[in-house]
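Single-structure report; data block below.
Read-outs throughout are calculated quantities, based only on the coordinates presented, and are distinct from any laboratory measurement. Treat the numbers as computed from the prediction; the structure is a model and nothing was measured. All Cβ positions, even for glycine, are placed from backbone atoms using ideal geometry, and neighbour counts span all protein chains on display.
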Amino acid sequence: MRVGAAAAGVTAVGGLLSACTGGKASGTAAQPSVATPVIELTFMPWWIYWNPTGRSIVQQQADTFAQTHPGLRLTALPGPQGGGASTSGVISSIIAGTGPDVVGDCCGSWVTYTSQGVFADLNTYFKKDNVDVGTWAKAQAAALSSPAGQLGLPIYNGPVVYACRQDILDNLGLQYPDPQWSYKDAAALWTQCAGTYQVSGKPHTRVGANFWWQSHSWYAQAFLFYGFGGAEMDATGTKARFDDPGSLEAAQWVYPLLWNKVLGAGTGTIADGSAAFEPAGGWSIPRNVTGWGNKFKWQYYPLPKFPKGRTTFNNNDFWGMNAQSKHLEGAWQVMKWLTFEDDWQRFCMKTTLLAPCKVALWAEFEQQLIATAPILANKGLNWFRDAAEGGYGYPEEFFKYQATQADTLIGKVMGDIYDRKIDVPGGFAKVTQQVNALEVAGAADTVAATVAQALFPTTGAPIAAVQPGL
């Protein structure tokens, strides 16, 4: 049986009012007590356990929200991140006025939400409650903002490091990488690791490292561009920067390694020996432990230092606050509870081993992981924390207008470079021109749509009806 603090608070208020009316003179009719209504709020969490037991566990945690937020009651709903709800369905419900107060989602769906304008700007709430955006990793927070404001906050901070099959290096007579290695050191070691290996007497190809690039499900190239002093786009998300000198330098470093099969473009795993190094995100640590365990010798290492410093890829799983919520202040209290306060994050850390979104909690999470899986004690977990605390993990980036079409153009050109149909400078000049043209057209379409809406509003005074006989 669950009794929320909000319900207890309402009972107390009702009792207080009854006590006040109890002092009336004899013969005066008793007045009904007035209870403060409880505001019902909903959220769609990152939660993959929507069986009866999992639903009960997450709702029990949601019930604790009322204990520190009297007058508010929170219900967890299955959402896009594990609950089977579709992003389009959630957006439709928000527009219809029936959507969740806070929703968690991921990846390319960010563009879908923001293009529909369904998320509230959080900056006003930050200022009101003295919330510091530095609570979250700089690059993650920046990826969830736009000229329209801070439209989202991270669900968790899970930067990518490299997992290394140390026994492969042992067999090849190679030294383990120095954690302070450079991108040149990495390329040299990966080149030595690449080649063939035998499985049941049959030769197989091994890459030195699986390197997330254009053929991976994410467009993860932005972090590498930053590492070389370039960028994928400008701060407004409307101008491509593939032809920046740093971006070109990054591509001219990585493509020869891909062409020579030193790197696999999203291919190769240490589990079967088809890669000596494999990317591992903060979200994959539990899976690494159960999948690799003591089957072979492995260790986590940071990504190498690039010319402008160490950079890596990070996730963009996000919370967004419903701008159409009937209780915006209550929705903000939920958002703050999920991202700024500690209870929800500690709950997820303990029940699902999901990394926290707050940078300050990562050291605690590291110890939680080791306590849960002692095998991790000497596996280099500190490099996840180093990236989280150092803020050098960069999520996928999206262009402001026609983002899906822009990604299609980028993927096509980068694939053509990989297939050597065009060289790097020519390809990057081409994709910069194509994407910039797409953004100009998208901006013009948006202006035209705004003008049309002003001329033909869907709300406002009705057109006068034509009277019969006139």
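Assorted remarks:
- Within the shell defined by Cβ-Cβ distances under 11 Å, the residues around E439 carry a net charge of 0, with Lys and Arg each +1 and Asp and Glu each -1.
- Distance between region 98-164 and region 365-386 - C-alpha centres, whole angstrom: 26
- Taking every C-alpha pair closer than 8 Å and separated by at least 6 residues, the mean separation divided by the residue count of the chain gives a relative contact order of 19 percent.
- Fraction of alpha-carbon pairs over 19 Å apart in region 36-137 - percent: 54
- With only the Cα atoms considered, region 142-260 has a convex hull volume of 153 Å³ per residue.
- Beta bridges by DSSP in the chain, antiparallel share as percent, to the nearest 5: 65
- Footprinting exposure proxy ranking of I94, I155, I48, fewest other C-beta atoms within 10 angstrom first, gives I48, I94, I155.
- Anisotropy class of region 181-250 from Cα gyration tensor, a/c 1.5 cut: prolate
- Rounded to the nearest whole Hz, the Karplus-based 3J(HN,Hα) values (6.51 cos²θ - 1.76 cosθ + 1.60, θ = phi - 60°) of region 108-113 follow the sequence x, 5, 3, 5, 5, 5, with x at glycine and proline.
- Neighbourhood charge, 11 Å Cβ-Cβ cut-off, centred on V207 and excluding it, Lys, Arg +1 and Asp, Glu -1: +1
- Couplings for region 139-150, taken from phi via the Karplus curve 6.51 cos²θ - 1.76 cosθ + 1.60 with θ = phi - 60°, read 5, 5, 4, 5, 5, 9, 10, 7, x, 7, x, 7 Hz in order; Gly and Pro are left as x.
- Between helix 87-96 and the chain: long-axis angle, C-alpha atoms, 0 to 90°, nearest 10: 30
- Computed from backbone phi with θ = phi - 60° and the Karplus coefficients 6.51, -1.76 and 1.60, the 3J(HN,Hα) list for region 195-211 is x, 10, 9, 9, 10, 6, x, 10, x, 10, 8, 10, 9, x, 8, 6, 10 Hz; x is used for glycine and proline.
- Summarising the overall dimensions of region 378-430 from its C-alpha atoms, the Rg and Dmax are 16.9, 47 angstrom.
- Taken along its three principal axes, the alpha carbon spread of the chain comes to 98, 72, 40 Å, from the longest extent down to the shortest.
- Residues whose placed amide H lies under 5 Å from that of F119, excluding near-sequence neighbours: A323
- By the count of neighbouring beta-carbon atoms within 10 Å, fewest first, H69, H204 end up ordered H204, H69.
- Whole-Å distance, taken between Cα centres, linking region 393-429 and region 340-356: 36
- Over every Cα atom in region 322-366, the radius of gyration and the widest Cα-Cα span, Dmax, amount to 12.5, 39 Å.
- Taking every alpha-carbon pair within region 104-181, the share separated by more than 22 Å comes to 46 percent.
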